[in-house]
Amino acid sequence: MSAALSVTGLHKTYGKATALAGADLQVEAGELVGLLGPNGAGKSTLVKIACGLVRPSGGVVEVLGAPAGSLQARSGIGYLAELFRFPDWLSANELLELHQRLAESGGGAGERAELLAMVGLGDAGATNVGAMSKGMQQRLGIAQALIGSPRLLMLDEPTSALDPVGRRTVRDLLSGLRERGVAVLLNSHLLSEVELVCDRVAIMLGGRIVQEGTPAALASARGVEVQTASGTRLFEDAGREDAPEIVADLVRGGESVYSVRVLASTLEDAYLEAVGEA
């Protein structure tokens, strides 16, 4: 089976400015991948090329085995841009109906009701966009991106305007999509959200992927801290598997051990280290 998204040696230049400098990225079916990086790293350009909105200067991008920008590729994508604007005078139902026509989806009223319920807007079908909070509009945008049951969902900062309840709703939604085999590429600056929901993280800088792996793998160990009667001891090069032997040695040496804590870096630490080193 083809990957949901395959990016190989992707380049994009705008005049003398380089937006992408040989990016490589793979997103498999049912995989949630977080795309991280500072502003100007090339994240949005990569997503727009995958959607067929921007032409690459070089490299190969395939969506579900088809060339990016082709009708087959476009039909398998759901997309929500970071800066979107829906007409204020349309109701949620009218907006989704419009996008159903654009996507040539035959889901009808049933699909609209299901999508609104999925994003926590089941009672807001008749509410005009202009009367919605920014968070409600953000969730409506996600519902719009899911029209036609896309196999690849690309979301640009989808939880930036949401409160904790809204972020939980989106996390649950993304987990459900994973179970249905939908691939998700999540472009976000909220590292805590990425760490909670993503299977894998790709850190982008200068138009290239500079580090990649699971959140747990990127968050490396930082030692073992032991609280004893004589004070706090830090074993900097130790990991979780070393903790029992450390405690046993201390006890054999006559120490009273009160607590043990395995220290680990967060995804934010790994991100800052990768960006700083690059």
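The values are calculated or read from the model by the stated rules, or taken from the named source; none is laboratory data. Please read all numbers here as calculations on a predicted model, not as lab measurements. With ideal geometry, Cβ positions are generated from the backbone for all residues, glycine too; neighbour counts draw on all protein chains shown.
For PRO87, indicate whether it is under 17 Å from LEU25 (Cα atoms) and either surrounded by 21 or more Cβ atoms within 10 Å (Cβ to Cβ) or not aromatic (Phe, Trp, Tyr) (or both). It is false that PRO87 is under 17 Å from LEU25 (Cα atoms) and either surrounded by 21 or more Cβ atoms within 10 Å (Cβ to Cβ) or not aromatic (Phe, Trp, Tyr) (or both). With respect to the conditions (1) assigned to a helix (DSSP H, G or I); (2) farther than 30 Å from LYS12 by Cα, GLU193 falls short on a single one, namely (2).
Here ALA73 passes the criteria (1) closer than 17 Å to LEU152 by Cβ; (2) touching a residue at least 60 places away in the same chain (Cβ under 8 Å); (3) crowded, with 20+ Cβ neighbours inside 10 Å except the one numbered (2).
Residue count for the stretch 233-266, restricted to those that are touching a residue at least 40 places away in the same chain (Cβ under 8 Å) and touching a strand residue (DSSP E or B) at 6+ places or on another chain (Cβ under 7 Å): 4. Got a number for residues in the stretch 1-24 being in contact (Cβ under 8 Å) with a residue 12 or more places away in the chain and either among the polar types (S, T, N, Q) or out of contact with any helix residue (DSSP H, G or I) (no Cβ under 7 Å at 6 or more places or on another chain) (or both)? Count: 13. The residues on offer are ALA243, ALA238, and the sole one that is assigned to a loop (DSSP other than H, G, I, E, B) and either surrounded by 17 or more Cβ atoms within 10 Å (Cβ to Cβ) or not assigned by TED's automatic domain parsing to the domain that holds THR169 (or both) is ALA238.
Anything in the stretch 34-60 that is assigned to a strand (DSSP E or B) and either touching a Phe, Trp or Tyr at 6+ places or on another chain (Cβ under 8 Å) or buried (at least 23 other Cβ atoms within 10 Å of the Cβ) (or both)? List them, or say none. If the condition is that a residue be assigned to a strand (DSSP E or B) and either touching a Phe, Trp or Tyr at 6+ places or on another chain (Cβ under 8 Å) or buried (at least 23 other Cβ atoms within 10 Å of the Cβ) (or both), then GLY34, LEU35, LEU36 are the ones that fit. Going through (1) modelled with pLDDT under 80; (2) assigned by TED's automatic domain parsing to the domain that holds GLY78; (3) exposed (fewer than 14 other Cβ atoms within 10 Å of the Cβ) one by one, ARG180 falls short only on (1).
Criterion applied to ALA131, ALA145 was being touching a Leu at 6+ places or on another chain (Cβ under 8 Å) and in the same structural domain as VAL47 (by TED's automatic domain parsing), and the one residue passing it is ALA145.
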